[in-house]
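One structure is given here, and the rest of the page talks about it.
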Amino acid sequence: MPPRTISLFRYLKLKRVLALNALLFAFVGWGVSGEYARGRSLEVEISRLQRAADDLQAKNTEIGALSERFLRPDMIEREARLKLGLQRPGESVIIVKESPTASVASFSTGVASAPAGERVSNMRKWWAYFLH
């Protein structure tokens, strides 16, 4: 009988060792999976920040090119003429204003003339355009 009790104790020890190994394996697996998830979230965050950095770099390049363009002497002169009304020596400024009747007349070509006070509708203009 003694040999059988020894094998029983040995068997019980093996179960304890197996259970401890299983618990150890589960604990290590839990830690590894947590680190994997954290690493994956960091990779996603890094890629998002890299895209944002690339977008900002592109905008910075665009702004730099625009800045260089506006610092050219011909652009400075153009802006001074348009916004400030400046002129070179010997130049004179001529302002041409278009009369409101001239713009209406240009749209109503091909339409039978209406009396001066009466406006012609778009429907009548199209009708006259396609059928006359």
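The values are calculated or read from the model by the stated rules, or taken from the named source; none is laboratory data. Everything numeric in this text was worked out from a predicted model, so none of it was measured. Glycine also receives a Cβ, built like all others from the backbone with ideal geometry; neighbour counts cover every protein chain displayed.
Residues that are under 30 Å from GLU79 (Cβ atoms) and either aliphatic (A, V, I, L, M) or touching a Ser or Thr at 6+ places or on another chain (Cβ under 8 Å) (or both) within the range 31-69 comprise LEU56, ALA58, ILE63, ALA65, LEU66, listed in sequence order. The set of residues from the range 85-132 being in a helix (DSSP H, G or I) and modelled with pLDDT of 75 or more comprises ASN122, MET123, ARG124, LYS125, TRP126, TRP127, ALA128, TYR129, PHE130, LEU131.
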